Protein chains: 4
Amino acid sequence: MIFTSDNWAGAHPAIARALDVNAAGFAAAYGASDLDRKVEQTFNRIFDREVAVFFVGTGTAANSLALSSINRPGGVSFCHREAHVIEDECGAPEYFTHGARLVPVDGPDGKIDPEILKSEIARFPEGFVHAGQPMAITITQSTEIGTVYTAQEIAAISDIAKAKGLPLHMDGARFANGLVALGLSPAAMTADLGVDIVSFGGTKNGCWCAEALVFLDPAMGKDLPFIRKRAAQLFSKSRFIAAQFEAYFEADLWLDLATHANTMAARLQAGIKASSGARLGWEGPANETFAILTHDTARALRAQGAMFYDWNLPRSKRGLLGENETLARLVTSYATTDADVDRFIDLLA
Amino acid sequence: MIFTSDNWAGAHPAIARALDVNAAGFAAAYGASDLDRKVEQTFNRIFDREVAVFFVGTGTAANSLALSSINRPGGVSFCHREAHVIEDECGAPEYFTHGARLVPVDGPDGKIDPEILKSEIARFPEGFVHAGQPMAITITQSTEIGTVYTAQEIAAISDIAKAKGLPLHMDGARFANGLVALGLSPAAMTADLGVDIVSFGGTKNGCWCAEALVFLDPAMGKDLPFIRKRAAQLFSKSRFIAAQFEAYFEADLWLDLATHANTMAARLQAGIKASSGARLGWEGPANETFAILTHDTARALRAQGAMFYDWNLPRSKRGLLGENETLARLVTSYATTDADVDRFIDLLA
Amino acid sequence: MIFTSDNWAGAHPAIARALDVNAAGFAAAYGASDLDRKVEQTFNRIFDREVAVFFVGTGTAANSLALSSINRPGGVSFCHREAHVIEDECGAPEYFTHGARLVPVDGPDGKIDPEILKSEIARFPEGFVHAGQPMAITITQSTEIGTVYTAQEIAAISDIAKAKGLPLHMDGARFANGLVALGLSPAAMTADLGVDIVSFGGTKNGCWCAEALVFLDPAMGKDLPFIRKRAAQLFSKSRFIAAQFEAYFEADLWLDLATHANTMAARLQAGIKASSGARLGWEGPANETFAILTHDTARALRAQGAMFYDWNLPRSKRGLLGENETLARLVTSYATTDADVDRFIDLLA
Amino acid sequence: MIFTSDNWAGAHPAIARALDVNAAGFAAAYGASDLDRKVEQTFNRIFDREVAVFFVGTGTAANSLALSSINRPGGVSFCHREAHVIEDECGAPEYFTHGARLVPVDGPDGKIDPEILKSEIARFPEGFVHAGQPMAITITQSTEIGTVYTAQEIAAISDIAKAKGLPLHMDGARFANGLVALGLSPAAMTADLGVDIVSFGGTKNGCWCAEALVFLDPAMGKDLPFIRKRAAQLFSKSRFIAAQFEAYFEADLWLDLATHANTMAARLQAGIKASSGARLGWEGPANETFAILTHDTARALRAQGAMFYDWNLPRSKRGLLGENETLARLVTSYATTDADVDRFIDLLA
């Protein structure tokens, strides 16, 4: 019953096998191999257009290099207040951009509210050097709290971005979970809605270490080769990432894995709703479940082998908890089993 | 006959198997797993003391974070003029240190000359803010050109470092090749000689992607957890690196692989010396061979399937080449075979 | 009737004269002149201890270098939500620290609330690399909105800083205004309360361009010579700043100028309180007055020659304004006259 | 007999007077005053075209922001090996550009040799990420060693810059000295020859603190307002710089001052040539004289009140000195008198 995080799982057998298969033989280093090329083609196919793809090692790298690629002096990027990029990356985006700032934007359900976004952007009047200048909007799909922006919600933010001439970045550490929740194609969830850059994550969905930075307009990524190398993210044996992605996309494995993870979350959420031992903090279609438990219940569950983190509630949500209660984050993944979920629910009862 | 680089090889079967074995199951993320801990213990054993070890994804990352950890305002690090850190990392060390500079130091055989080093350091008088201030010395073992610092040579540089209060860093992208060439233990090649920090490379010697930053005095690495996370080098599924290192160290596999690579280079060098079709630029005990060929010969070899790079000769060595000659760099690795070498030598004849 | 900002005034005649007097002759460059030394001694006297003083050109430079001097990887500094350092410096502090972040802390009257500060710091648990690590607390005295921290209030924040091992920085762009408002000595307002570093401003109080970074414990400033030079803030003809400070401190000119500016603000505030044409947003003893006016009144005042800025109200204070109202910021300085103030009040009536 | 540096002089009386005259009254802050505007027009007139001008506080700032404005990831700028930007700015250009590197280029007389420049640029093949990418060429006029690029020499470097698509920057800390030495107009020495950006120095030629960054094509400076503010170089009372420049340009004062400084150098050089007590290291038409003296002579001169620095000879010039000899740098300025020079020459004899 490991619900700590989807990155506590290892690698899906098909991914592991792909690495094994590709271990022998020689291949051009630094991303120039045939396999790298082939997987880049797969990205083109998936996004239904020619894209520019750059493999990197971590989600934090993908996000940081995305912002580096559109960096401006005095630049300010707008993200949700609870976004990974501002809460969980130790200032990496600011470090890689030499101090370009992240401004938190509020909004319910872990999603940026368009009206609040507009009012935050308005705090940076054009040419007013003291405040700095807007440089990007970044959204997370699926969000840090298991919710998912609808196509309409993305479009609303994209409209604001376009009106202000700002690139729109999507942190897709859990891209696949959002995608299958919406039932959209990658293009329909991104380029068609005006998303410009995607941090495309494979690691949380069954890879060992496979992240890609995808520019839906390749011209926007023209400096990335130097940006990536300078950032120490150009892997010499790049095909070890390519091989993972090759297996990831083969026969839609990635969609199956994400569907499984989401299904496990739905099962958990249904169980918790039906249970008297806990209640849901909120519902979300992706692979994260947030349950409100008493500390006693949390202790008892852990004593039985359940593993999960207490979530650090943002101030605006503190009213959710009663006395002696905690908010448990339960993350499911490709490796979560029905049995794990059912046992957890049984223990709750 | 792939002699382009040791990073054109894939992963040794034992490494690939280790990944496969560890793919199943759950483990604490971000370097907190039992396997991470176990491999850290192995590093302690290998270096014969308690060290602080941090896994990172690339050699450039290891070097850049090493320098970040000892960064000073206006800082200047001294390296050999042909070092990877100054020639081949796209400015990453300067980027990660926010502009701390690398000053090239000359010396024969790809190795820093201690007297020249002293005179370069003397250009930065203490407290003279205009010039900046020395912050580190960094050497490469084995060097970019296949040579190896002897213990005495390292000690001579270390003495200068100690006299000036400067940390001594070793770029060990090819640490194992240098080590087996000298027949020393890791401690004897580093801590015993006053080396403070090692970029410990596994990738060029049979891993997919396994680099470690090793602080021989753990206190020097105390900020590294934040430095690494901020640099986007903290891998969530860190055990994918740990698993590679576990297999790498098992039954001294790493030493065997490096010995093989060096032996292949010695075989190449012997063959070239005996051949009338080429001559050696210089000799070196590690896994890089530099052969002087006519362009016609190079073309003919390539037509037969040999792959290698023309090396960009530094100005000081341009006298080595006659008219119509080029300097071919031939890198051998764990994956190089006797047959590859022999065929190359046969073609030369 | 120029109430736009205290930096719209030029230089006090005594300051201008000092520059003229010192223009002739030669003096050691880069801060090594006798006059530089003499003024450094004056700082020692004023702060009642040996301090380390570094002249810089702008308040933004002073703040940015203060934070640079205590920089940590993943570092987070806590400031009031409306502080200059986070609102008006175009990201300079983040730029100079390579991305160390500023976290806004709420509190009434433009001052950090100690309880909220504690809860914000608590969001960065020790050793939790994802969040980053606290590195400083910075307060503004007098504040951006004309209020002044009492000694007790500074002490309360300082206690938190000490408990957490964090340096306490004071942005004293309007140091003198705060000082005379409290009637304290510089030492009593800083070192005695645990303040570690002061951005000591002269520009807003009658100098052309004279800012100093003061380390109350000189050991904390040991890297500043290199930090300053690297930041392009070491002036070759440093005595042009020294000369300004010499005149500034002569016969307590600085205190007189600040007292005058504050007195003009008090006169304005009294006039507004007594007037039916406007009301005060809040009161503050320093040299900034915030008046709530109708847009019509503002327009009429400007038509008569009054100059002032509409202040960008933070969201939390928007309730202050009625419909068709604006918040006028009126800044007084050494150059403001009774006549300016009285004419403004008369126009209001 | 102060020959230490031209920045040991103070401010010319006309400059000091201008500050005094402008001290009273109010003016828009942050570069928006009428006087700022007027001086910007003067720059247009002087450069014979519409330029974009940005005042900054130091020459190091001007150079660093010039390079920031054309920054590229992995960027490499080419400068002379003895240039101020690489030797005397404590790494500021690298710091402000987050690690963009400076590559030293050799050449006689303190000037870049075009052929060597080409071969250095060729070390960075297009798209080769490991090496980084060229981003600028920067030359110094007059040079660090008192020589001056001829128009033809600038054109030759400019041709290389244009062929490679690289902006050409001129560090004009001693712009006026070079200008009057050549007898050219500012436009003829810059824009007409393909120079794109000028660090235009006033401080070494009679100002207290007046430097400007001039973009000969204003479009290239479009980001500078944010770059400057973020770099803490936007002065609130900007007119204190503008006032200096107004006086500087009035009735060609600047040209007169530079002519005087150069004339004093010529007088020194003539005296030294005629003297048996020293010889010239080399001749140069600007305001720096390099004399080879025995240490005994140097000591004797200093005992009589002469002040000058021993110059740190680059390795390539060490053959110039005999045993027991030193190279004295003698800098003249607007404040140097015939009497100072003649007394020095007399003492030499």
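The values are calculated or read from the model by the stated rules, or taken from the named source; none is laboratory data. Since the model is a prediction, treat every value here as computed from it, not as a measurement. Here the Cβ positions follow ideal geometry from the backbone for every residue, glycine too, while neighbour counts run over all protein chains shown. The area values use the complete protein model at the heavy-atom level, side chains included, leaving out ligands, DNA and RNA. Shrake-Rupley method; radii C 1.70, N 1.55, O 1.52, S 1.80 Å.
From the set of residues in region A:232-255 that are in contact (Cβ under 8 Å) with a residue 40 or more places away in the chain, charged (D, E, K, R) and surrounded by fewer than 24 Cβ atoms within 10 Å (Cβ to Cβ), which is nearest to the other protein chains (Cβ to nearest Cβ)?
Here is the first cut: in region A:232-255, the residues in contact (Cβ under 8 Å) with a residue 40 or more places away in the chain are A:233-250, A:253-255.
Keeping just the survivors that are charged (D, E, K, R) gives A:237, A:239, A:246, A:250.
Filter once more, keeping what is surrounded by fewer than 24 Cβ atoms within 10 Å (Cβ to Cβ): A:246, A:250.
Details: A:246: 14, A:250: 16 Å.
Step by step, filter region A:232-255, then rank; the result is A:246.
Have a look at A:241, A:272 and point out the one that is closer than 24 Å to residue A:211 by Cβ and β-branched (Val, Ile, Thr). Give the derivation first.
Values: A:272 fails: closer than 24 Å to residue A:211 by Cβ.
The conditions single out A:241.
Given the structure, is residue A:64 touching a Phe, Trp or Tyr at 6+ places or on another chain (Cβ under 7 Å), surrounded by 18 or more Cβ atoms within 10 Å (Cβ to Cβ), facing chain B (nearest Cβ under 8 Å) and of a type outside the set (Lys, Arg)?
Working: touching a Phe, Trp or Tyr at 6+ places or on another chain (Cβ under 7 Å): yes; surrounded by 18 or more Cβ atoms within 10 Å (Cβ to Cβ): yes; facing chain B (nearest Cβ under 8 Å): yes; of a type outside the set (Lys, Arg): yes.
Judged against the criteria, residue A:64 is a match.
Just to be sure, is residue A:281 at pLDDT below 95, of a type outside the set (Ser, Thr, Tyr) and more than 30 Å from residue B:94 (Cβ to Cβ)?
Values: at pLDDT below 95: no; of a type outside the set (Ser, Thr, Tyr): yes; more than 30 Å from residue B:94 (Cβ to Cβ): yes.
Spelling it out, it is not the case that residue A:281 is at pLDDT below 95, of a type outside the set (Ser, Thr, Tyr) and more than 30 Å from residue B:94 (Cβ to Cβ).
Just need a number here: residues in region D:203-223 that are crowded, with 24+ Cβ neighbours inside 10 Å and among the small types (Gly, Ala, Ser).
2
With the requirement that a residue be farther than 21 Å from residue B:239 by Cβ and out of contact with any Asp or Glu (no Cβ under 9 Å at 6 or more places or on another chain), what does region B:208-222 give you?
B:219, B:222
Residue by residue through region C:1-10, note down the ones that are touching a Gly at 6+ places or on another chain (Cβ under 8 Å) and more than 7 Å from chain D (Cβ to nearest Cβ). Spell out the reasoning first.
Of the residues in region C:1-10, the ones touching a Gly at 6+ places or on another chain (Cβ under 8 Å) are C:1, C:9-10.
The answer is C:1, and nothing else.
Just name the residue that is surrounded by the fewest Cβ atoms within 10 Å (Cβ to Cβ) out of those in region C:263-276 that are out of contact with any strand residue (DSSP E or B) (no Cβ under 7 Å at 6 or more places or on another chain) and within 22 Å of residue C:320 (Cβ to Cβ).
Of region C:263-276, the ones out of contact with any strand residue (DSSP E or B) (no Cβ under 7 Å at 6 or more places or on another chain) are C:263-264, C:266-267, C:270-271, C:274-276.
Now drop any that are not within 22 Å of residue C:320 (Cβ to Cβ), which leaves C:266, C:270-271, C:274-276.
On the way: C:266: 19, C:270: 15, C:271: 20, C:274: 10, C:275: 17, C:276: 7.
Checked region C:263-276; the qualifying residue surrounded by the fewest Cβ atoms within 10 Å (Cβ to Cβ) is C:276.
Going by what's in this entry, would residue D:260 be described as out of contact with any Gly (no Cβ under 7 Å at 6 or more places or on another chain), under 30 Å from residue D:186 (Cα atoms) and open to solvent by 30 Å² or more (accessible area, probe 1.4 Å)? Walk me through it before giving the result.
Values: out of contact with any Gly (no Cβ under 7 Å at 6 or more places or on another chain): yes; under 30 Å from residue D:186 (Cα atoms): yes; open to solvent by 30 Å² or more (accessible area, probe 1.4 Å): yes.
Judged against the criteria, residue D:260 is a match.
Restricting to region B:77-93, count the residues that are within 10 Å of another protein chain (Cβ to nearest Cβ), open to solvent by less than 10 Å² (accessible area, probe 1.4 Å) and on the phi < 0 side of the Ramachandran plot. Working first, answer last.
Going residue by residue through region B:77-93, those that are within 10 Å of another protein chain (Cβ to nearest Cβ) are B:84, B:86-93.
From the residues that got through so far, the ones that are open to solvent by less than 10 Å² (accessible area, probe 1.4 Å) too are B:89-93.
Now restrict to residues that are on the phi < 0 side of the Ramachandran plot: B:89, B:92-93.
Of the residues in region B:77-93, 3 are within 10 Å of another protein chain (Cβ to nearest Cβ), open to solvent by less than 10 Å² (accessible area, probe 1.4 Å) and on the phi < 0 side of the Ramachandran plot.
State yes or no: is residue C:183 within 19 Å of residue C:66 (Cα to Cα) and either surrounded by fewer than 17 Cβ atoms within 10 Å (Cβ to Cβ) or among the acidic types (Asp, Glu) (or both)?
Numbers: within 19 Å of residue C:66 (Cα to Cα): no; either surrounded by fewer than 17 Cβ atoms within 10 Å (Cβ to Cβ) or among the acidic types (Asp, Glu) (or both): yes.
Spelling it out, it is not the case that residue C:183 is within 19 Å of residue C:66 (Cα to Cα) and either surrounded by fewer than 17 Cβ atoms within 10 Å (Cβ to Cβ) or among the acidic types (Asp, Glu) (or both).
I need the full set of residues from region C:67-76 which are touching a Leu at 6+ places or on another chain (Cβ under 9 Å) and either more than 9 Å from chain B (Cβ to nearest Cβ) or in a helix (DSSP H, G or I) (or both), in order please.
Step one: list which residues in region C:67-76 are touching a Leu at 6+ places or on another chain (Cβ under 9 Å), which gives C:67-70, C:73, C:75-76.
Passing the criteria: C:67, C:68, C:69, C:70, C:76.
Say whether the condition of being surrounded by 21 or more Cβ atoms within 10 Å (Cβ to Cβ), more than 9 Å from chain D (Cβ to nearest Cβ) and more than 20 Å from the chain's Cα centre (by Cα) is met by at least one residue in region C:11-27.
yes
Could you list, in sequence order, the residues of region D:17-50 that are among the aliphatic types (A, V, I, L, M) and either out of contact with any helix residue (DSSP H, G or I) (no Cβ under 7 Å at 6 or more places or on another chain) or in contact (Cβ under 8 Å) with a residue 60 or more places away in the chain (or both)? Explain how you work it out, then say what you get.
Pass one, region D:17-50, residues among the aliphatic types (A, V, I, L, M): D:18-19, D:21, D:23-24, D:27-29, D:32, D:35, D:39, D:46.
Hits for region D:17-50 are D:18, D:19, D:21, D:24, D:27, D:29, D:32, D:35, D:39, D:46.
Return yes or no: is residue D:223 within 14 Å of another protein chain (Cβ to nearest Cβ), touching a residue at least 12 places away in the same chain (Cβ under 8 Å) and acidic (Asp, Glu)?
Details: within 14 Å of another protein chain (Cβ to nearest Cβ): yes; touching a residue at least 12 places away in the same chain (Cβ under 8 Å): yes; acidic (Asp, Glu): yes.
Spelling it out, residue D:223 is indeed within 14 Å of another protein chain (Cβ to nearest Cβ), touching a residue at least 12 places away in the same chain (Cβ under 8 Å) and acidic (Asp, Glu).
Of everything in region C:303-316 that's surrounded by 15 or more Cβ atoms within 10 Å (Cβ to Cβ) and touching a Leu at 6+ places or on another chain (Cβ under 8 Å), which residue is modelled with the lowest pLDDT? Break it down stepwise before answering.
Kept after step one, since they are surrounded by 15 or more Cβ atoms within 10 Å (Cβ to Cβ), are these residues of region C:303-316: C:306-308, C:311, C:313-314.
The next check asks that each one be touching a Leu at 6+ places or on another chain (Cβ under 8 Å); those that pass are C:306, C:308, C:311, C:313.
Working: C:306: 97, C:308: 98, C:311: 93, C:313: 80.
My answer is C:313.
Which of the residues belonging to region D:327-349 are more than 20 Å from the chain's Cα centre (by Cα) and surrounded by fewer than 23 Cβ atoms within 10 Å (Cβ to Cβ)? Break it down into steps so the answer makes sense when it comes.
Of region D:327-349, the ones more than 20 Å from the chain's Cα centre (by Cα) are D:327, D:337-349.
Passing the criteria: D:327, D:337, D:338, D:339, D:340, D:342, D:343, D:345, D:346, D:347, D:348, D:349.
Can you say whether residue D:96 is open to solvent by 10 Å² or more (accessible area, probe 1.4 Å) and more than 18 Å from the chain's Cα centre (by Cα), as far as the supplied structure shows?
Working: open to solvent by 10 Å² or more (accessible area, probe 1.4 Å): no; more than 18 Å from the chain's Cα centre (by Cα): yes.
Criteria not met by residue D:96.
Counting only residues that are touching a strand residue (DSSP E or B) at 6+ places or on another chain (Cβ under 6 Å) and either at the interface with chain B (Cβ under 9 Å from one of its Cβ atoms) or polar (S, T, N, Q) (or both), how many does region A:28-41 have?
0
Residue C:118 passes all but one of (1) closer than 17 Å to residue C:166 by Cβ; (2) open to solvent by less than 30 Å² (accessible area, probe 1.4 Å); (3) not polar (S, T, N, Q); which number fails?
Residue C:118 satisfies all of (1) closer than 17 Å to residue C:166 by Cβ; (2) open to solvent by less than 30 Å² (accessible area, probe 1.4 Å); (3) not polar (S, T, N, Q) except (2).
Could you list all residues from region B:150-180 that are surrounded by 17 or more Cβ atoms within 10 Å (Cβ to Cβ) and of a type in the set (Asp, Glu)?
Of everything in region B:150-180, those that are surrounded by 17 or more Cβ atoms within 10 Å (Cβ to Cβ) and of a type in the set (Asp, Glu) turn out to be B:153, B:171.
Run residue D:323 past the list (1) in contact (Cβ under 8 Å) with a residue 12 or more places away in the chain; (2) acidic (Asp, Glu); (3) open to solvent by 70 Å² or more (accessible area, probe 1.4 Å) and report the number of the one that doesn't hold.
Of the numbered conditions (1) in contact (Cβ under 8 Å) with a residue 12 or more places away in the chain; (2) acidic (Asp, Glu); (3) open to solvent by 70 Å² or more (accessible area, probe 1.4 Å), the odd one out for residue D:323 is (1).
From the set of residues in region C:98-149 that are of a type in the set (Asp, Glu), outside any loop (DSSP other than H, G, I, E, B) and without any contact (Cβ under 8 Å) to a residue 60 or more places away in the chain, which is nearest to the other protein chains (Cβ to nearest Cβ)?
To start, the set of residues in region C:98-149 that are of a type in the set (Asp, Glu) comprises C:106, C:109, C:113, C:115, C:120, C:126, C:144.
This time we only want the ones that are outside any loop (DSSP other than H, G, I, E, B), so: C:109, C:115, C:120.
Of the ones still in play, those that are also without any contact (Cβ under 8 Å) to a residue 60 or more places away in the chain are C:115, C:120.
Working: C:115: 13, C:120: 10 Å.
Result: C:120.
Going through region D:30-59 one residue at a time, which ones are open to solvent by 10 Å² or more (accessible area, probe 1.4 Å) and of a type in the set (Gly, Ala, Ser)?
D:31, D:32, D:52, D:59
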